[in-house]
Amino acid sequence: MDTIPCIPEVNLTLNNFTNLPMWEKVQETVSYIKGKTNFAPEYGIILGSGLGSFTDDIQIEFTLPYHEIPNFPVSTVQGHKGALVFGTIGYKKVVAMQGRFHFYEGYDMKEVTFPVRVMKYLGVEKLIVSNASGGVNVNYQVGDIVILKDQINLLPEHPLRGINDERFGPRFVNMSEPFSKDMIAKAKELAQQLSIKVQDGIYLGLQGPTFETLAEYKMVKILGADCVGMSTVPEVIVARHMDLETFGISVITDIGNEESIESITHKEVLEAAQKAEPLVRRLIKELILTY
């Protein structure tokens, strides 16, 4: 009869997975940034693929490359420059991320969402997230601007998984309003005033980095989403965890359904986003100025 070996007792402190080290990392990073900038932004902006030129609308006071910031990941995606930009739009103080982080790059969700936590403790009260996405709504066209009204999380890891640190927010987060209804209403009002055509829709997040198959586009549509991408969802979850008022906007860069997919490359995604960028920039700028 085989004997069962004795397994030594292991101290499962889970130090690498608790939020206590995360709290310390956030405070260390915030302290470093404040020491470099002495700047307290009200708005945080995450600029997606092809939308990085929004920083041209900012009266820039400081720029910090990600690789110089303690605990910050480094963006590896073409079209994501990799810097925090601090400055003003009118009299509003903002910090903009030129390039975000994605789960498919190899980062875990706590790393992906780390900058959102840092922005909160720099003073940010409102977060604007932008992205390029694939459209499944039959009323969408390439280049359409979509104001996000809700989201569906199908990413394989949740950014709040693990022991919760109440200093960041509650264990169970109410996600009934991931995107601020007030900000949505204001953005639609501004779009009408500026003669900018906008759609609204639900965004579904998948892991990537592959573009969706025919069957996956069909799944996205069946699940009730209007567009699909590889970002945004975890950032919004963490923003709401910390009670940040959040607004999301997407540029449709390709169209897919269960019958056909337009051939698409990352270069074409960037090009489609850049064509819509002047209108997106104008809308976001006016939203910041007037909300």
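The values are calculated or read from the model by the stated rules, or taken from the named source; none is laboratory data. Please read all numbers here as calculations on a predicted model, not as lab measurements. Counting neighbours? That spans all protein chains shown, and the Cβs are built from the backbone with ideal geometry, glycine included. With ligands, DNA and RNA removed, areas are computed over all heavy atoms of the protein, side chains included. Shrake-Rupley method; radii C 1.70, N 1.55, O 1.52, S 1.80 Å.
A few points about this structure:
- Matching residues, the stretch 171-184, being exposed (fewer than 14 other Cβ atoms within 10 Å of the Cβ) and closer than 15 Å to Lys126 by Cα: Lys181, Asp182
- With respect to being within 19 Å of Val238 (Cα to Cα), open to solvent by less than 20 Å² (accessible area, probe 1.4 Å) and not hydrophobic (A, V, I, L, M, F, W, C), Gly52 falls outside the description.
- Within the stretch 58-69, the presence of at least one residue that is closer than 23 Å to Asn131 by Cα, open to solvent by less than 60 Å² (accessible area, probe 1.4 Å) and part of a helix (DSSP H, G or I) is confirmed.
- Selection from the stretch 180-196 of residues that are in a helix (DSSP H, G or I) and hydrophobic (A, V, I, L, M, F, W, C): Met183, Ile184, Ala185, Ala187, Leu190, Ala191
- For the residues Tyr121, Tyr107, the requirement of being modelled with pLDDT of 95 or more and open to solvent by 40 Å² or more (accessible area, probe 1.4 Å) singles out Tyr121.
- Residue match in the stretch 125-138 (condition: over 21 Å from Glu212 (Cβ atoms) and open to solvent by 60 Å² or more (accessible area, probe 1.4 Å)): yes
- Subset of the stretch 237-256 (residues that are assigned to a loop (DSSP other than H, G, I, E, B) and either in contact with a strand residue (DSSP E or B) (Cβ under 7 Å, 6 or more places away or on another chain) or open to solvent by less than 10 Å² (accessible area, probe 1.4 Å) (or both)): Met242, Leu244
- Residue within the stretch 225-236 that is open to solvent by 10 Å² or more (accessible area, probe 1.4 Å), of a type outside the set (D, E, K, R), touching a residue at least 12 places away in the same chain (Cβ under 8 Å) and over 20 Å from Ile46 (Cβ atoms) present: no
- Yes/no for Met242 being free of Cβ contacts under 8 Å to residues at least 12 places away in the same chain and farther than 15 Å from Lys149 by Cα: no
One line per residue, one yes/no per condition, for (1) under 23 Å from Leu289 (Cβ atoms); (2) in contact (Cβ under 8 Å) with a residue 60 or more places away in the chain:
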| position | (1), (2) |
| --- | --- |
| Glu68 | no, no |
| Tyr107 | no, no |
| Arg117 | no, yes |
| Val124 | yes, yes |
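- From the options Thr88, Thr113, residue that is in contact (Cβ under 8 Å) with a residue 24 or more places away in the chain, of a type in the set (Ser, Thr, Tyr) and open to solvent by less than 10 Å² (accessible area, probe 1.4 Å): Thr113
- For the stretch 107-138, a tally of residues being in a loop (DSSP other than H, G, I, E, B) and touching a strand residue (DSSP E or B) at 6+ places or on another chain (Cβ under 7 Å) returns 4.
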